[in-house]
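Data block below; observations after.
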Amino acid sequence: MLGECGLDVDLYSAYSGSDALALLSETRMDIVISDVAMPGMDGLELMGRIHADWPECRVIFLSGHSEFDMIYRAIQGEAVTFLLKTEGFDKIISTLRETITDLERTQRQRETQALLSDQQEVTRQLLQREALTALVRGRSRKIYAAALEINLDQPLLPLYAYIESGTMSLTLEELHEKLLLIDRALRRQLAIYPIQIAFWNHHEDILWLLQPARSLDMRRCMLYVRENIELIQEVVRHEAGMTLAFALHTSAVSAEQLADAYQALRRRICQGMGVPGMIALQPFTPRAAAAPLLTDSLTSRLKDAMEHMNRKEFLSLLEKATDLLRVSDSMENPYALEAFMTLSRLFLAYINRWKLHDSVQFPGGLTGLTSITGFTSWSQAADAFMELGRMLFRLSEGDQGSRSQAIVMKIREHVERHLDRPEELSLSRMAEITYFNPTYLSRLFHQIMGETLSDYVSGARIRRANQLLRDSGNRISDVSEAVGFSSSANFSRFYRKMTGSSPQEYRDGLARSSLQANDGRTDQA
């Protein structure tokens with residue numbers, strides 16, 4: 001660790017080129033500081049071996065004047081810095097800091113370049129899928145409209161297809177390729193007509209949104225699509241080995257009606273199952289706005305908020321959902337019963353996943369979530385759901401805090417037990433024993449403790465050193481080893497950096513204080 005120099009880095013040491021390569025065979029290093037002249041393998045050979053496996057690793061060479069010619073050849077390559085040993089420790093630290101800054105800058109440039117070089121088609125497809133998923137689930141996503149090949153302000157013609165067969169033995173990658181092939185088959189068949197097309201799928205469910213372009217009207221668009229469905233079906237069966245069942249609305253719908261239109265087409269296909277490769281036409285009748293049905297959109301958003309522990313969002317959505325219960329007077333209202341059962345399934349899934357069976361309270365216990373017999377009114381059930389939601393978040397948030405505290409405690413105990421072993425104090429080692437990503441672990445520790453892990457380790461070393469220095473029988477070299485330093489000089493430099501005095505000065509100060517205290521007691525006697 002170089003925390004005392006303001007650098008939050010992991011430090012590894014090796015005593016030969018072969019030792020360094022052994023470390024590098026298991027761990028990626030960003031920077032290597034090496035002598036040029038070493039027994040067995042010189043610095044140039046080591047650099048060549050390093051860059052063969054880790055081409056972006058930076059090498060800082062330390063050298064005497066007599067090795068200048070060798071170094072001159074080395075610095076013709078990239079990622080190499082040359083320092084004279086006579087330039088001192090501060091120069092090494094400043095060079096290390098500059099190299100870290102340069103590495104970070106290079107990484108940012110690389111990330112920017114990679115982002116810019118991503119295929120525009122992939123980005124467009126992702127945005128299109130996000131927008132269409134929102135529309136299919138009943139949420140408006142007009143902010144993504146620019147990524148679509150259709151105009152959400154104009155009428156749409158939904159064409160639904162269900163893959164009846166041909167997917168059982170496919171991997172996810174193979175299924176994705178087949179879906180693209182199906183989409184291309186439809187676009188190829190409709191290419192002669194001025195029709196705009198957007199494509200969406202979820203597993204075996206496929207939906208195309210079609211829209212007439214230029215002078216084509218919706219009636220002619222519907223005719224062209226309807227008359228080509230059988231040909232598309234044959235092409236897909238021949239090229240992809242899949243059988244599709246199709247359902248097409250006989251009238252256009254708006255973007256706001258798309259969720260209901262999609263569900264109506266799915267129901268039409270499900271009702272006709274057993275008729276292989278069916279092609280069905282479905283009139284669209286908008287659902288009555290007064291029907292108090294818990295929508296797929298609201299259910300999906302509730303699940304998302306719960307999974308991501310978004311308390312405010314979840315309770316706000318739950319209040320909207322329970323309003324569907326409160327407005328109903330009859331306990332036999334089928335829409336209210338559907339909303340009750342949907343919320344019950346959502347809560348039960350969460351309770352089971354997080355094993356909270358013994359902690360939650362609900363009228364009638366957990367079985368009360370499966371029946372309305374324990375309630376005299378829907379408002380009473382709505383209140384019970386709201387209280388259950390608040391209770392689950394209290395339990396989860398408390399448990400989450402306890403887990404975080406336990407992780408930090410484990411790290412602190414590990415540090416205290418291994419102050420004499422620097423290799424055990426690296427961030428990568430602590431990530432290894434806690435099974436967390438190093439960056440996340442560092443951020444979590446800082447959040448809980450209010451200081452970086454590097455600062456904590458440095459503080460623990462000073463505390464242990466002071467404890468040992470109070471015993472005059474402990475030599476400073478012994479204290480140095482006890483807190484993980486291989487030499488007394490390095491320990492003294494670290495100690496002065498942290499406290500402003502040397503270990504000997506600290507010990508002398510203790511002796512003076514003790515002497516003054518004894519003198520005071522003698523005077524009193």
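Every read-out reported here was derived from the displayed coordinates using simple, explicitly stated rules and does not represent laboratory data. None of these values were measured; they are calculated from a predicted model. All Cβ positions, glycine included, derive from the backbone under ideal geometry; neighbour counts span all protein chains shown.
For the range 112-249, take the convex hull of the Cα atoms, compute a quarter of its surface area, and give me that in nm², please.
With the hull built on Cα positions only, its mean projection is 9.5 nm².
Could the peptides 154-162, 104-112 be put in order, highest first, of the mean number of other beta-carbon atoms found within 10 Å of their residues?
Descending packing order for the listed peptides: 154-162, 104-112.
Under 12 Å from the Cβ of Met41, count the other residues' Cβ atoms, weight Lys and Arg +1, Asp and Glu -1, and hand me the total.
Net of charged neighbours comes to -3.
How far apart, in nm, are the 7 Å Cα→Cβ label points at Thr452 and Met498?
1.5
Under a no-solvent Debye model with one identical scatterer per Cα of the range 220-266, what's log10 I(q)/I(0) at q = 0.13, 0.17, 0.31, 0.33 Å⁻¹?
Listed by q, the Debye log ratios stand at -0.39, -0.62, -1.06, -1.11.
Apply the Karplus curve 6.51 cos²θ - 1.76 cosθ + 1.60, θ = phi - 60°, to the phi angles in the range 15-29 and return the couplings in whole Hz, x for Gly and Pro.
Along the range 15-29, the couplings run 9, 6, x, 5, 4, 5, 5, 4, 5, 5, 6, 10, 9, 6, 10 Hz.
Identify which of the listed values of Cα Rg over 2.2 N^0.38 Å was calculated from the structure shown: [x] 1.07; [y] 1.46; [z] 1.00.
Read-out from the structure maps to [y].
If you take every residue apart from Gln282 with its C-beta less than 9 Å away from the C-beta of Gln282, what net charge results, scoring Lys and Arg +1 and Asp and Glu -1?
Charge balance near Gln282 sits at +2.
For Lys355, which lysines qualify as cross-link partners when the Cα separation must be under 22 Å and same-chain residues fewer than eight apart are set aside?
Result set, ordered by chain and number: Lys303.
How do the peptides 412-422, 237-247 rank, highest first, by the average count of neighbouring beta carbon atoms within 10 Å per residue?
237-247, 412-422
Put +1 on the Cβ of each Lys and Arg and -1 on the Cβ of each Asp and Glu in the range 342-442; which of His357, Ile433, Gly368 then has its Cα farthest toward the positive end of the dipole?
Gly368
Provide the gained length on full extension for the span Leu84 to Glu387, in nm with one decimal, where the gain is 0.36 nm per separating residue minus the Cα-Cα distance.
102.1 nm
Count charges around Glu319 for me, please; just the other residues with Cβ under 15 Å from its Cβ, Lys/Arg as +1, Asp/Glu as -1.
Local net charge: +2.
If a/c stays under 1.5 just call it rounded; otherwise compare a/b with b/c (prolate if a/b is bigger, oblate if not). Do that for the range 255-358, with a ≥ b ≥ c from the square roots of the Cα gyration tensor eigenvalues.
Values: a/c = 2.04, a/b = 1.62, b/c = 1.26.
Taking the square roots of the gyration eigenvalues as a ≥ b ≥ c, the range 255-358 is prolate.
Placing unit charges on C-beta atoms (Lys and Arg positive, Asp and Glu negative, everything else neutral), compute the dipole magnitude of the chain about its Cα centre in debye, rounded to 20.
The dipole of the chain has a size of about 1280 debye.
Which whole-Hz ³J(HN,Hα) couplings does the range 197-211 yield from phi under the Karplus relation 6.51 cos²θ - 1.76 cosθ + 1.60, θ = phi - 60°, glycine and proline marked x?
9, 10, 10, 8, 8, 9, 6, 7, 8, 10, 9, 10, 10, 10, 8
Measuring from centroid to centroid over Cα atoms, what is the spacing of the range 247-270 and the range 431-459 in Å?
52
Output the peptides 465-475, 52-62 sorted from most to least packed, where packing is the average of other Cβ atoms within 10 Å over each peptide's residues. Provide the component values of the computation, followed by the final result.
Working: 465-475: 13.9, 52-62: 16.5.
Ranking the peptides 465-475, 52-62 by packing returns 52-62, 465-475.
Under a crude label model (7 Å from the Cα following the beta-carbon direction), how far is Ser371 from Arg110 in nanometres?
Taking the simple label geometry, Ser371 and Arg110 are separated by 6.3 nm.
To check my understanding: the extent here is largest minus smallest coordinate of the Cα atoms along each principal axis. What are those three numbers for the range 369-510, in Å, largest first?
Projected onto the principal axes, the Cα atoms of the range 369-510 cover 80, 30, 23 Å.
At what distance in nm do the modelled label points of Leu231 and Asp478 sit from each other, each positioned 7 Å from its Cα along Cα→Cβ?
9.4
Among rounded, prolate and oblate, which fits the range 145-195 when a ≥ b ≥ c are the square roots of the eigenvalues of its C-alpha gyration tensor, a/c under 1.5 means rounded, and a/b larger than b/c means prolate?
prolate
In the chain, what percentage of the DSSP-assigned beta bridges are antiparallel, given to the nearest 5?
In the chain, DSSP labels about 60 percent of beta bridges as antiparallel.
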